[in-house]
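Read through the structure below, which is laid out as structure tokens, and then see the notes.
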Amino acid sequence: MPGSKVEVEELTRALDGKVVLRDVSFLIEPGELVALTGPSGSGKTTLLQLLGGLDRPTSGRIMVDDIAVHALRHPTRYRREVVGFVFQLHHLLPALTAQENVELPMVAAHVPRRERHERARELLDEVGLLSRAASLPSSLSGGERQRIAIARALAGQPRLILADEPTGSLDALATERIWELLASVRQRHGSTILIASHDRGLLQHVERNLAIREGVVFEQGLDANQSDPDAETPPPSGGDPHDHAPANA
Amino acid sequence: MTTLLQTLEALERRPMRTFLTALGTALGIATIVALLAVSGGAQASASKFLNLGSSDLGLFQRDAADPTTSVLPLALVSELRHTRGIQAATPLVLLVGAVHRAPGAIAFGAYPDSFVTDRYVFLAGRMFTGDRQVAVGSGLAAQLHLQVGDTLTIAHHRLSVSGIYHMGVPEQDDGAVIAFGLAQKLAGKEGEATTVAVSLAPTVSRSEGIKTISRRFPGLLILGDGVNAPRTGVSGVLLSRLALVLAVIALVIGGVGVMNTMLMSVLERRTEFALLAAVGWSGPQIAMRVMAEGILTSIIGAGLGLLLGVVGAQLLVGLLGASEYVAPNVTAWDLGQALLVGVLLGVLGGMYPAWRAARLSPAKVLAER
Ligand SMILES: Nc1ncnc2c1ncn2[C@@H]1O[C@H](COP(=O)(O)OP(=O)(O)O)[C@@H](O)[C@H]1O
Ligand SMILES: [Mg+2]
């Protein structure tokens with residue numbers, strides 16, 4: 001299934017009178033794997049929640065393919081059928097097994113029981129945790145939980161995957177495994193993937209880096225040493241400067 | 001069906017929370033059941049105080065909290081005697097909780113030559129004479145192993161048993177009769193009576209008698225044997241009002257308990273519902289899940305509550321020694337009602353929390369740490 005094209009235009013979000021995102025514009029092509037980097041409090045979570053239909057902008061437009069996400073009055077179907085969200089805190093339901101957690105989005109979509117089980121097990125296999133299908137989240141390691149959360153995000157066969165600091169609480173090795181997993185997901189499913197993180201290692205797996213500082217988003221190179229916050233803001237529809245190289249460097 | 005099974009599984013995996021939630025519901029239901037049982041029991045036993053012939057009436061103070069606390073002026077007796085259609089009138093005093101070793105027994109103070117005492121059938125001995133004797137009912141005699149000549153203490157007064165009677169009326173067979181004057185003194189009711197028993201003239205029908213008396217003495221509560229008199233009397237006026245008040249209080253306490261429990265369990269799990277919303281569950285889907293859990297939990301709770309309520313009411317009434325007056329009488333219908341109320345409360349109590357859960361903004365909740 002092809003990835004989504006994401007167009008953001010002059011997006012602004014104010015929370016309690018404070019402007020958290022300011023006039024954000026960018027374009028992500030179908031199937032791109034993009035990093036969103038910026039310090040804590042810069043607005044990464046806010047931006048991803050807007051893209052995922054979990055929040056509504058104060059002003060501006062978000063087009064995902066032909067869906068006007070900023071204007072969705074009932075975002076349920078969009079969340080269920082278009083987006084897969086990986087949260088900073090894994091947010092697995094503690095009372096459900098790994099497999100049941102992966103099945104949750106499919107329950108909402110009325111996928112028949114047997115098919116649900118089958119697909120959940122395929123996804124668990126894909127993230128390398130089929131053997132932990134019957135485990136409760138409390139008995140899994142942090143890295144394993146995030147991989148279950150990724151499997152859950154894949155359950156609705158999303159065209160757009162949004163991951164909000166999925167490695168925030170993981171060690172370097174587990175972090176690297178998550179990046180490899182997300183890169184292989186993109187390769188296998190062709191989904192568009194946007195990952196918020198301040199792990200520099202992520203930049204080796206992506207082909208683009210959007211930087212965010214105090215609610216302002218701009219294009220930044222992939223050079224891991226680059227940290228110049230004064231790089232210029234990209235034009236909203238900036239031609240096609242991205243080659244679709246394989247993600248694994 | 002799938003939802004039900006999943007819900008059950010989910011409840012099973014959180015045994016502690018499920019138990020506590022069910023317990024909250026259970027306490028609410030138990031309150032309802034216990035109060036309903038006790039008030040229902042009070043209602044049922046109120047008309048048993050007096051044994052009256054088919055042409056007799058018992059007169060009580062209309063606004064007394066219950067028949068045993070009724071107070072009537074003795075002057076009423078002579079007025080009644082001069083009322084057309086009334087053959088005889090005799091005052092009685094009811095002493096509650098005064099019989100030593102039998103707290104549930106009632107001691108009746110009566111004149112030994114009245115039309116009421118004339119009817120006593122003695123199995124042994126005879127009616128009391130004077131202030132030092134007592135006639136004992138067969139039930140009480142059996143309970144305390146009393147024989148003629150034994151001593152029975154009533155309100156710290158040692159009395160000699162003059163005879164043992166049998167009437168076929170539980171309250172009287174399980175009680176005792178003493179001199180009216182003595183009973184008045186022991187009850188602190190000089191110049192007063194608890195009730196006046198009235199015998200109607202043979203020419204007067206019962207309904208005529210009731211009409212005449214209620215017209216002349218509007219402050220009286222008139223009880224009779226059979227027909228509707230006792231029901232419209234004690235139960236209709238005094239106890240059903242009391243029972244209603246108790247039932248309403250019970251419903252409010254229980255209902256608030258159930259709703260509060262449900263609300264807490266939802267608030268505690270807001271992240272869970274926000275997560276479900278974020279992965280594509282619709283508002284109604286989330287609300288259904290909350291409701292299903294609420295209903296199941298309250299069914300468990302209602303069952304537990306029924307048990308607690310029935311057992312608790314029995315224990316309480318037994319402990320207070322009040323079983324003679326407010327024997328909890330719980331019928332299958334009561335139980336069914338309580339169960340129904342429990343489930344209804346679960347549904348109602350779950351509705352607001354479900355609505356809240358469905359409306360949570362996933363962005364806000366999921367961003368909290
Ligand atoms: N509900 C809120 N109300 C007010 N301010 C908020 C709220 N949520 C986030 N913010 C503020 O918005 C800014 C961006 O937050 P966030 O998007 O979480 O940043 P990041 O994910 O990059 O750490 C922060 O300054 C934060 O304090
Ligand atoms: Mg964040």
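The values are calculated or read from the model by the stated rules, or taken from the named source; none is laboratory data. Note that the coordinates shown come from a computational prediction; the quantities given were computed from them, not determined experimentally. Positions of Cβ are generated from backbone atoms using ideal geometry, with glycine treated the same way; all protein chains shown enter the neighbour counts.
Condition check ((1) touching a residue at least 12 places away in the same chain (Cβ under 8 Å); (2) away from ligand 2 (no atom under 16 Å from the Cβ); (3) more than 14 Å from chain B (Cβ to nearest Cβ); (4) in a helix (DSSP H, G or I)) across all residues:
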{"residue": "A:Ala153", "(1), (2), (3), (4)": "yes, yes, no, yes"}
{"residue": "A:Pro158", "(1), (2), (3), (4)": "yes, yes, no, no"}
{"residue": "A:Leu162", "(1), (2), (3), (4)": "yes, no, no, no"}
{"residue": "A:Thr167", "(1), (2), (3), (4)": "yes, no, yes, no"}
{"residue": "A:Leu182", "(1), (2), (3), (4)": "yes, yes, yes, yes"}
{"residue": "A:Ile195", "(1), (2), (3), (4)": "yes, no, yes, no"}
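Of all strands (runs of 3 or more DSSP E) completely enclosed by the stretch A:15-64, which ones contain at least 2 residues that are away from chain B (no Cβ under 14 Å) and either acidic (Asp, Glu) or within 16 Å of ligand 2 (Cβ to nearest atom) (or both)?
Values: elements: A:18-28, A:33-37, A:59-64.
Here the list reads A:18-28, A:33-37.
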Has the stretch A:46-55 got any residue that is modelled with pLDDT under 95 and of a type in the set (A, V, I, L, M, F, W, C)? yes
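Per-residue answers, yes or no, for (1) charged (D, E, K, R); (2) farther than 30 Å from A:Val102 by Cβ; (3) at pLDDT 80 or above:
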position	(1), (2), (3)
B:Ser214	no, yes, yes
B:Pro218	no, yes, yes
B:Gly233	no, yes, no
B:Ala243	no, yes, no
B:Ala250	no, yes, no
B:Thr261	no, yes, no
B:Ala274	no, no, yes
B:Leu308	no, yes, no
Could you tell me which of the residues A:Arg177, A:Arg213, A:Arg188 is away from chain B (no Cβ under 14 Å), among the charged types (D, E, K, R) and within 16 Å of ligand 2 (Cβ to nearest atom)? A:Arg213
Is there any pair with a first residue in the stretch B:352-369 that is under 23 Å from A:Val20 (Cβ atoms) and a second that is away from ligand 1 (no atom under 16 Å from the Cβ) and modelled with pLDDT of 75 or more whose Cβ atoms are under 6 Å apart and which are 6 or more apart or on different chains, and what are they? B:Leu360/B:Phe273; B:Pro362/B:Ala277
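Could you tell me whether A:Thr97 is hydroxyl-bearing (Ser, Thr, Tyr), within 10 Å of another protein chain (Cβ to nearest Cβ) and either within 16 Å of ligand 2 (Cβ to nearest atom) or under 20 Å from the mean Cα position of the chain (by Cα) (or both)?
Working: hydroxyl-bearing (Ser, Thr, Tyr): yes; within 10 Å of another protein chain (Cβ to nearest Cβ): yes; either within 16 Å of ligand 2 (Cβ to nearest atom) or under 20 Å from the mean Cα position of the chain (by Cα) (or both): no.
In short, no.
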Of the numbered conditions (1) modelled with pLDDT of 70 or more; (2) more than 14 Å from every other protein chain (Cβ to nearest Cβ); (3) surrounded by 15 or more Cβ atoms within 10 Å (Cβ to Cβ), B:Thr18 satisfies every one except a single condition; which is it? (2)
Residue pairs qualifying under the 6 Å Cβ cut-off, at least six apart or on distinct chains, with the first in the stretch A:44-57 being under 15 Å from A:Ala163 (Cβ atoms) and the second being more than 8 Å from ligand 1 (Cβ to nearest atom) and of a type in the set (Phe, Trp, Tyr), are A:Gly52/A:Phe85
Which of the residues spanning the stretch A:108-118 are part of a helix (DSSP H, G or I), over 15 Å from A:Ala151 (Cβ atoms) and more than 8 Å from chain B (Cβ to nearest Cβ)? A:Arg114, A:Glu115
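Going by what's in this entry, would A:Leu181 be described as modelled with pLDDT of 95 or more and surrounded by fewer than 23 Cβ atoms within 10 Å (Cβ to Cβ)?
Spelling it out, it is not the case that A:Leu181 is modelled with pLDDT of 95 or more and surrounded by fewer than 23 Cβ atoms within 10 Å (Cβ to Cβ).
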Note on A:Val82: of the conditions (1) within 11 Å of chain B (Cβ to nearest Cβ); (2) over 29 Å from A:Gly31 (Cα atoms); (3) at pLDDT 95 or above, unmet is (2)
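Conditions (1) at pLDDT 70 or above; (2) under 22 Å from B:Met262 (Cα atoms); (3) within 16 Å of ligand 1 (Cβ to nearest atom); (4) outside the structural domain of B:Val290 (by TED's automatic domain parsing), marked per residue:
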residue	(1), (2), (3), (4)
B:Glu324	no, no, no, no
B:Ala332	no, no, no, no
B:Leu348	yes, yes, no, no
B:Tyr352	yes, yes, no, no
B:Pro362	yes, yes, yes, no
